[in-house]
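J.: Structure below; questions to follow.
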Amino acid sequence: MDPLVADVPTLQSARVTLDVLHTGVMWGWYVTMNMWAKSVGTGVLLVGAYMMRRHAEHQAFYRRWMPIIGFVFIQLTLLFTVLDLHQMFRFWHMFTHPHFTSSINVGAWLLTAYTGVLTLMSYAVWKKRDALWDRLLWPTLVLAFFATIYTAALLGQASAREVWQTPAEVAQMLVAATLAGSATFLLFGEKKPEESLSLAWILGLSALVALVIFGAEVIFAPQKSEEAEYVIHTLLSGDLRTLFLAGLVFGFVVPGVLVTLSVRAKQPVALKLAAVSGLVGLWLAKHAWLLAPQHLPLS
């Protein structure tokens, strides 16, 4: 008997399992952890540099902890970057066969360079070589800035993913860094009231700007396309409603209220609570914002 005839039942039972692009969630909480840890790892440098100029009498604290905290959280960023790769044990290909048209490849080089200068800054702290530390500060800040915003380009390159627009994402990444950096320093170490209030101002303004950006996207994005309307509906009324609204409240509203009370009273009012709320809410908001466009059918 012809083997093709014998296999007719098998051929008739064959099913097409995928004839369109994958529509599930490809970027999950690993990517959220990547972005959140990167916000802390770069934010402590950006905020710390400002605090060193604003409160020169406390420079020793920031000199010591800026590179150490930054290094720890950037290693978390790199860890989750590698874990999220489909061929994670080939990550070194990004360095031996680089493609600088890829945002993730550029980001890998930026984060590696940033890790290098943070290591040198930590060495300078250990050896008490302030001159070396000072020379490294500006190059480190430049790397921190670009390491913060490169993910915006990565999201913006994703086709058919509404609301991931590079200009808005750049602003969102920057305010996430200043929010995370100020919150981290509020939680870390004892500070005088005036120093805590300076950090509170940064936290409060960052939360306000972030809330405005998210609010603008929620209001105006649905006017752009049906796809964007679908994404915003998912965030406000769909499966991600609780996650997204909790992120907005805990990440931006609660810190904003507590910072306002502190500024009006001219003394810290539950600022550690504001810092914890800001860090937790930032993760929730970023996670919902990452997931929602991936619920959009690509067919």
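The values are calculated or read from the model by the stated rules, or taken from the named source; none is laboratory data. Predicted model only: the values in this text are computed from it and were never measured. In this analysis, Cβ positions are derived from the backbone assuming ideal geometry, glycine residues included, and neighbour counts consider all displayed protein chains.
J.: For a quick check of your reading of the model, give me the residue pairs whose first member lies in the stretch 122-144 and is in contact (Cβ under 8 Å) with a residue 40 or more places away in the chain, whose second is among the β-branched types (Val, Ile, Thr), with beta-carbon atoms closer than 9 Å and at least 6 apart or on different chains.
T.: Close Cβ pairs satisfying both conditions: Ser122/Ile68; Val125/Ile68; Trp133/Val125; Thr140/Val117; Ala144/Thr42; Ala144/Val44.
J.: Being small (Gly, Ala, Ser), surrounded by 15 or more Cβ atoms within 10 Å (Cβ to Cβ) and over 17 Å from the mean Cα position of the chain (by Cα) is the filter here; which residues of the stretch 99-157 pass it?
T.: Ala113, Ser122, Ala124
J.: Of everything in the stretch 94-121 that's assigned to a helix (DSSP H, G or I) and without any contact (Cβ under 8 Å) to a residue 12 or more places away in the chain, which residue is nearest to Gln75 (Cα to Cα)?
T.: Gly116
J.: Taking the condition of being closer than 16 Å to Leu46 by Cα and surrounded by fewer than 22 Cβ atoms within 10 Å (Cβ to Cβ), how many residues in the stretch 158-187 meet it?
T.: 3
J.: Check whether at least one residue in the stretch 214-231 is touching a Leu at 6+ places or on another chain (Cβ under 8 Å), aliphatic (A, V, I, L, M) and touching a residue at least 40 places away in the same chain (Cβ under 8 Å), and report yes or no.
T.: Looking through the stretch 214-231, at least one residue is touching a Leu at 6+ places or on another chain (Cβ under 8 Å), aliphatic (A, V, I, L, M) and touching a residue at least 40 places away in the same chain (Cβ under 8 Å).
Yes/no per residue for (1) of a type in the set (S, T, N, Q); (2) over 24 Å from His233 (Cα atoms); (3) modelled with pLDDT of 90 or more:
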{"position": "Trp109", "(1), (2), (3)": "no, yes, no"}
{"position": "Val117", "(1), (2), (3)": "no, yes, yes"}
{"position": "Leu137", "(1), (2), (3)": "no, yes, yes"}
{"position": "Pro167", "(1), (2), (3)": "no, no, no"}
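J.: In the stretch 171-206, which residues are modelled with pLDDT under 90 and within 14 Å of Trp289 (Cα to Cα)?
T.: Of everything in the stretch 171-206, nothing turns out to be modelled with pLDDT under 90 and within 14 Å of Trp289 (Cα to Cα).
J.: Six or more apart or on different chains, Cβ atoms under 6 Å: show the pairs whose first residue is in the stretch 48-67 and among the hydroxyl-bearing types (Ser, Thr, Tyr) and whose second is buried (at least 19 other Cβ atoms within 10 Å of the Cβ) and at pLDDT 90 or above.
T.: Tyr62/Gly48; Tyr62/Met51
J.: Right, another one. From the list Gly281, Gly238, exactly one residue is surrounded by 20 or more Cβ atoms within 10 Å (Cβ to Cβ) and under 26 Å from Met33 (Cβ atoms). Which is it?
T.: It is Gly281.
J.: Scan the stretch 62-81 for residues that are surrounded by 15 or more Cβ atoms within 10 Å (Cβ to Cβ) and farther than 17 Å from Val117 by Cα and jot them down.
T.: Of everything in the stretch 62-81, those that are surrounded by 15 or more Cβ atoms within 10 Å (Cβ to Cβ) and farther than 17 Å from Val117 by Cα turn out to be Phe80, Thr81.
J.: Considering only residues that are surrounded by fewer than 19 Cβ atoms within 10 Å (Cβ to Cβ) and under 22 Å from Ala171 (Cβ atoms), which ones fall in the stretch 212-226? Write out each step before concluding.
T.: Let us first name the residues in the stretch 212-226 that are surrounded by fewer than 19 Cβ atoms within 10 Å (Cβ to Cβ), namely 212-213, 215-216, 218-220, 223-226.
Val212, Ile213, Gly215, Ala216, Val218, Ile219, Phe220, Gln223, Lys224, Ser225, listed by residue number.
J.: Among the residues of the stretch 74-90, are any modelled with pLDDT of 90 or more, of a type in the set (A, V, I, L, M), under 29 Å from Gly28 (Cβ atoms) and assigned to a helix (DSSP H, G or I)?
T.: yes
J.: For the stretch 242-257, which residues satisfy the criterion of being buried (at least 23 other Cβ atoms within 10 Å of the Cβ) and either without any contact (Cβ under 8 Å) to a residue 40 or more places away in the chain or under 13 Å from Leu186 (Cα atoms) (or both)?
T.: Matches in the stretch 242-257: Pro255 only.
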